[in-house]
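Read the structure below first, then the notes.
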Amino acid sequence: MHLLPKFDFYEAYDMGEACKVLAEMKSEGKIIAGGTDIMVNMKKGLLSPKCLISLARIPGLSGIEPTSGGIAIGSNLIVSKLLEFDLIRKKYNLLSKAASVLGSPLIRNRATIGGNIVTARPAADLPPPLMAMGARVVLKSKGKERELALDDFLVGPGQTKIKSTEILVSIIVDEPPPFTGGDYIKLMHRNALEIAIVAVAVQITLDGPDGSIKNARVILSSVAPKAIHAVSAEKVLIGEKPTEKLFKKAAALASTDCTPITDIRGGAQYRCAMVETLTHRALSAALRQIKGK
Ligand SMILES: Cc1cc2nc3c(=O)[nH]c(=O)nc-3n(C[C@H](O)[C@H](O)[C@H](O)COP(=O)(O)OP(=O)(O)OC[C@H]3O[C@@H](n4cnc5c(N)ncnc54)[C@H](O)[C@@H]3O)c2cc1C
């Protein structure tokens, strides 16, 4: 470990100011949110930005606002705060489940939702449930704003579509339609301070209380360079009645949709087997949620 390199620290008081400073610094300025990733990387000597621009004092970036069809989550909302919202626990439960297993209390009290997304770790906990809920990200730069599906925003390990002049301001999540259920399951060697060996996030929507599956998103994490859709599992689910046999078939297909590596946390074959097990469990839990059981 190195000592931290020297850097300037800029506290922006509004979004316009933050965008202006970031644009002036060209690629030598970096946003700092909770600092749980960027500080570690700077200490390791992997990054040495000339200036860190803090978002902490910008109002409106650390809350949850209602939108016409759902919610906008401020990018600077810390993970432990996410757990305090009744609305998130009740309507967006897979997100609160993922937040509850991220790192440790210490990390959850500093890390932000925006930082977890922009860091783009293949095993990050918050992107999978957000992708399962079809989330979009809002990016701002000097005089410009654009919205991207989270699916498209994440590119690979540590890589996203964010430009060096852009700030992630919010994450938009639509309210789950009626007869929707979901779950997030993270497989770990221990219960805290552990990144996922495999994680699965699922959201399914039925066309009625006893109806067929109208929409299904099955997201696999830690088994590819970024969180991915289990495309063949999703295809086989849509249009069918949610049965045990169907869930088994979808889970088996999900294990063929991933391309895990073998590393210290688990072998590729083991990870594929766990994708099948966790997908089956998550689909069953999602259905139980819809049925209120
Ligand atoms: C001990 C330990 C355990 C951990 N365990 C887990 C775990 O179990 N699961 C997990 O998912 N992660 C884990 N992490 C990783 C980490 O805590 C998360 O990735 C965290 O959410 C990053 O958020 P942050 O606010 O700290 O980001 P920062 O470190 O402040 O920033 C990270 C990156 O995102 C950029 N950035 C941040 N916010 C914005 C924004 N609004 N707009 C543009 N760019 C932005 C920064 O410039 C930087 O490049 C762990 C980390 C540690 C140190």
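The values are calculated or read from the model by the stated rules, or taken from the named source; none is laboratory data. Nothing here was measured: the structure is a model prediction, and the numbers come from that model. Virtual Cβ from ideal backbone geometry, glycine too; neighbours counted across all protein chains shown.
When you scan segment 283-292, do you find a residue that is in a loop (DSSP other than H, G, I, E, B) and without any contact (Cβ under 8 Å) to a residue 40 or more places away in the chain, even just one? Yes. A search for C-beta distances below 9 Å between a residue of segment 46-67 that is among the polar types (S, T, N, Q) and any residue that is surrounded by fewer than 13 Cβ atoms within 10 Å (Cβ to Cβ), counting only pairs 6+ apart in sequence or on different chains, returns 48/5; 48/6; 54/9. Inspection of segment 143-164 identifies at least one residue that is at pLDDT 95 or above, surrounded by 17 or more Cβ atoms within 10 Å (Cβ to Cβ), within 13 Å of the ligand (Cβ to nearest atom) and not in a strand (DSSP E or B). Say whether the condition of being part of a loop (DSSP other than H, G, I, E, B), more than 16 Å from the ligand (Cβ to nearest atom) and acidic (Asp, Glu) is met by at least one residue in segment 166-183. The answer is yes, given that some residue of segment 166-183 is part of a loop (DSSP other than H, G, I, E, B), more than 16 Å from the ligand (Cβ to nearest atom) and acidic (Asp, Glu). Taking the criterion of being under 29 Å from residue 178 (Cβ atoms) and part of a loop (DSSP other than H, G, I, E, B), the residues of segment 45-74 that qualify are 63, 67, 68, 69. Of the residues examined, residue 242 is one that is under 19 Å from residue 291 (Cβ atoms), buried (at least 17 other Cβ atoms within 10 Å of the Cβ) and in contact (Cβ under 8 Å) with a residue 40 or more places away in the chain. I'd like the residue in segment 103-113 that is more than 9 Å from the chain's Cα centre (by Cα) and near the ligand (Cβ under 10 Å from one of its atoms) and, out of all such residues, is surrounded by the most Cβ atoms within 10 Å (Cβ to Cβ). Among residues in segment 103-113 that are more than 9 Å from the chain's Cα centre (by Cα) and near the ligand (Cβ under 10 Å from one of its atoms), the one surrounded by the most Cβ atoms within 10 Å (Cβ to Cβ) is 112. Tell me, which residue of segment 80-97 that is hydroxyl-bearing (Ser, Thr, Tyr) and within 15 Å of the ligand (Cβ to nearest atom) is surrounded by the most Cβ atoms within 10 Å (Cβ to Cβ)? Per the criteria, the residue is 96. If you go through segment 118-146 and pick out every residue that is among the basic types (Lys, Arg) and more than 11 Å from residue 167 (Cα to Cα), you end up with 2. A count restricted to segment 219-248 and to residues that are on the phi > 0 side of the Ramachandran plot and either in a helix (DSSP H, G or I) or hydroxyl-bearing (Ser, Thr, Tyr) (or both) stands at 1.
Checked against (1) modelled with pLDDT under 95; (2) touching an Asp or Glu at 6+ places or on another chain (Cβ under 7 Å); (3) in a helix (DSSP H, G or I), residue 89 passes all but a single condition, namely (2). Candidates are the residues of segment 126-137 that are among the aliphatic types (A, V, I, L, M) and near the ligand (Cβ under 10 Å from one of its atoms); the one that is nearest to residue 222 (Cα to Cα) is 126. Taking segment 51-79 as the range and being more than 14 Å from residue 172 (Cα to Cα) and buried (at least 18 other Cβ atoms within 10 Å of the Cβ) as the test, the residues that pass are 52, 53, 55, 58, 78, 79. Checking each residue in segment 94-135 for being part of a helix (DSSP H, G or I), in contact (Cβ under 8 Å) with a residue 40 or more places away in the chain and either among the β-branched types (Val, Ile, Thr) or touching an Asp or Glu at 6+ places or on another chain (Cβ under 8 Å) (or both) picks out 94, 97, 98, 107, 113, 115, 117, 118, 119, 131.
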